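Worksheet: the structure to be examined is printed underneath.
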Amino acid sequence: MKRTPYLLKLAVVICVIIVVLVPVSIFTISQPLSVVVPENWGEMEAQEVFVGINDYRKANGLSEFVWDSELESFALYRATDMVDRDYFSHYDPQTGKVKLNELPHPMTIGENLYQISGLAVRLMDDVDGNVLEGWKSSPAHNELMLFPLMHRAGVALARTPTRIIVVLVTSE
């Protein structure tokens, strides 16, 4: 009979340890929740944005853009530069000059930028719909997507845990 209270106390102590200590280790998250983003996520999303723009152009009676790897490279440079130097603008934050002018071009060129920021970025794996709707709802950005003289384009994305930047560069 004397062992029962001892075993009962031991059982209570074990229960307290399990209830108090185990949930701490179970629910301690070392990193914030996020989606698993494939290594080539940016390339895949860029293609989806590009296809969406071409569908939009076709629906408006225009020819599709032709993918241009030089414009894509410049778009990637722009997106990465904005992420690396923590700005979002058509202008260089140090020089005040239009960054698009760094691209050697004998013809008309244009650039659309789009940014998504905040903790929700960690949960995003599909952004092309947001980008297209954002650009369609902005008169200047919409005009560039539907500008009839533009025939070539490149799209690129850069991403951090709290920021996604999308760049479209177009040319005649």
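The values are calculated or read from the model by the stated rules, or taken from the named source; none is laboratory data. Predicted model, so just to flag it, every value in this text is computed and none were measured. Every residue, glycine among them, receives a Cβ derived from its backbone with ideal geometry; neighbour counts consider all protein chains shown. With ligands, DNA and RNA removed, areas are computed over all heavy atoms of the protein, side chains included. Shrake-Rupley method; radii C 1.70, N 1.55, O 1.52, S 1.80 Å.
Scanning the range 123-172 for residues that are within 19 Å of the chain's Cα centre (by Cα), open to solvent by 50 Å² or more (accessible area, probe 1.4 Å) and either touching a residue at least 12 places away in the same chain (Cβ under 8 Å) or closer than 19 Å to W67 by Cβ (or both) gives L123, D125, D126, N130, K136, R159, P161, T162. Just one residue in the set Y77, Y56, Y87, Y91 is of a type in the set (S, T, Y), modelled with pLDDT of 95 or more, farther than 28 Å from D126 by Cβ and within 25 Å of the chain's Cα centre (by Cα); that residue is Y91. Could you say whether any residue in the range 115-136 is outside any helix (DSSP H, G or I), at pLDDT 95 or above and touching a His at 6+ places or on another chain (Cβ under 7 Å)? No, because not a single residue in the range 115-136 is outside any helix (DSSP H, G or I), at pLDDT 95 or above and touching a His at 6+ places or on another chain (Cβ under 7 Å). Residues in the range 21-43 that are in a helix (DSSP H, G or I) and open to solvent by less than 80 Å² (accessible area, probe 1.4 Å) were compared, and the one that is modelled with the highest pLDDT is G42.
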